[in-house]
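The values are calculated or read from the model by the stated rules, or taken from the named source; none is laboratory data. Please read all numbers here as calculations on a predicted model, not as lab measurements. When we count neighbours, we look across all protein chains shown, and the Cβ atoms used for this are built from the backbone with ideal geometry, even at glycine. Accessible surface is based on the protein model in full, side chains and every heavy atom, while ligands, DNA and RNA are left aside. Shrake-Rupley method; radii C 1.70, N 1.55, O 1.52, S 1.80 Å.
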Amino acid sequence: MRGDMEWGSIPGLVRYAAERYADAEAVVEGRTRISYADLGERVSRSTAACLAHGIRPGDRVAIWAPNSLDWIVAALGAVSAGAVLVPLNTRFKGTEAADVLRRSGARLLFVTGTFLGTSYVASLRRAGPASLPALERVVVLADDAPDFFTTWKDFLAAGEGLAGDPADVGPSSPSDIVYTSGTTGSPKGAVITHGQTLRAYGIWSDLAGLRPGDRYLIVNPFFHTFGWKAGVIASLMRGATMIPQPVFTVDTVLANVAAEGVSVLPGPPTLLQSLLDHPSRGAFDLSALRLVVTGAAVVPLRLVERLRSELGVATVLTAYGLSEASGIVTMCRRGDDPAVIASTSGRAIPGTEVRVEAPPGEPGEILVRGFNVMRGYWQDTAATAEALTPDGWLRTGDVGVLDAAGNLRVTDRIKDMYIVGGFNAYPAEIEQLLGLHPDVADVAVVGVPDARLGEVGRAYVVRRPGSVLTADDLMAWSRREMANYKVPRSVEFVAELPRNASGKVVKRALRGTPET
């Protein structure tokens, strides 16, 4: 049955999971281990506290914190009270967070104390409360909090004695406002409903083959759709054990996979590559891993093959999505050929249509239509009108090619494309080719000005350990492997590529100029 029809709302899903998987382990965080029945009780307390503090259906509640058990409980409690969740990027600074809080009109904010050396509380104070007129309360997910802030314990205590019954929300009620990553401009808030979320991640769980008893290491940040919905929501649907990891370090991933018998590990290709290349990998028991889901324009075939052959991962899948389409548009199917999995993002999920504005086999803008397309951008009618066509197609801003079987190959962002002497050059396509070089561990390509050709490519390359690859070597190799206009005219070697918390390469940092 479709997720939206089976559960109706996220609170309905929480109730179902607490009853259906009552004794199963729901969340593992260090020494803390709780069952699904325990999780249901904690969410009920969180819901009661939200109601006690005046949260009503439609109110926006934000959360600015890394992956944790408290994040799960706070978020599910807020949504169960009828609130619209606004997850904030953990890499935001105070001004950036305040901008999203102001534009979303959040009444309540859950926040961590300090993360990655940044005091979120201090950052908020510097932003100034006057700039956040709608924000009534800030709850620190800790045992202590400064003046005018509330501790998590005191927040929950306010709801003691209340039933904590879920609000009357249904499939068409908004469940969250997911702000885009802002790598190419100011973030915009995509409004997604309960029904869209449940239907999309019921499909994701079916296609991935997620099942009861799976142990799911959630490294993708919860503020991102992939972490929150393909992680927490999907686990609730199938009774999987959630193991939230707040920061990606390959050593911690290896330790968690081995110690907890992790069977499910979605993540970007860079995470998986670093796992395979870790010099101490052999010291860890990774034999329980059975399912890996990844997504990016560049997924080397060798990565897929190594996951299967070296780690024995039975199912490796790729997918494509964006916040404006509930985080999922296409996905490979179990049994697809490794070359299809590596070179494409699979086919449209059930209930959606995908087309490319170009002749067959040619790159063009990817358009999506279906149940998963957002209701619009929060309080931004101009941006909504620009993104959604009158007949319901979402303009993704991504460039791709559809093959005869309907598999989508994402080649780039429209804004990333550059023109070399009249030829359109798509960085992701060039990155895919450069990634085939045996000494290239990671690569990003950007267009830079050129007096003769208008623009040319510059490659930023991370060498594999022990490699002595030179720029001349790589350019000579490139001239043998790709059309001349695609060959980078310069190569810079770097220790690592700058990435945001979602794993996307921040190309403006490579260019050294702001993007608009």
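At-a-glance table
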item	result
Relative contact order (%) - segment 241-295, alpha-carbon pairs under 8 angstrom, separation at least six	46
Inter-part distance where segment 248-327 and segment 440-516 are each reduced to a Cα centre, Å	24
Other-chain or far-sequence residues with amide H under 5 Å of V456's (modelled H)	V448, D450
Top positive-direction residue, dipole computed over segment 329-376 with Cβ charges, set G376, S343, A358	G376
Total charge dipole magnitude, segment 76-151, about the Cα centre, Cβ charges on Lys, Arg, Asp, Glu only, Debye to nearest 20	280
Antiparallel content of DSSP bridges confined to segment 423-516, in %, to 5	75
With every protein chain in place, segment 135-291: carbon and sulfur % of accessible area (1.4 Å)	51
Non-local Lys pairs in the chain, i.e. 8 or more apart or on different chains, that have alpha carbons under 30 Å apart	19
Exposed GluC sites (Glu not before Pro) absent: longest stretch of the chain, with sites in DSSP loops and at most 14 other Cβ within 10 Å deemed exposed	161-309
Estimated distance in nm for a label pair at T95 and T249, the labels positioned 7 Å out from Cα along Cα-to-Cβ	3.1
Signed unit charges on C-beta, dipole axis of segment 321-434, positive-most listed residue G321, P427, M417	G321
Length gained when the stretch R334-R20 is fully extended (0.36 nm per residue, less Cα-Cα span)	110.4 nm
Degrees, to the nearest 10: 10-20 long Cα axis against longest axis of the chain	80
The chain - charge dipole about Cα centre, Lys and Arg +1 at Cβ, Asp and Glu -1, debye rounded to 20	360
Carbon + sulfur, % of accessible area of segment 383-443 - ligands and nucleic acids excluded, 1.4 Å	57
Computed FRET value (nearest 0.05) for D143 with M475, which takes r as the C-beta separation and R₀ as 56 Å	0.50
Whole-number accessible area per residue in Å² for the chain, which is evaluated in the context of all protein chains at 1.4 Å	40
Over the chain - Rg/Rh using Cα atoms and the Kirkwood inverse-distance radius	0.96
Residues of segment 141-156 with amide N under 14 Å of a point placed 7 Å along Cα→Cβ from R125	145-150
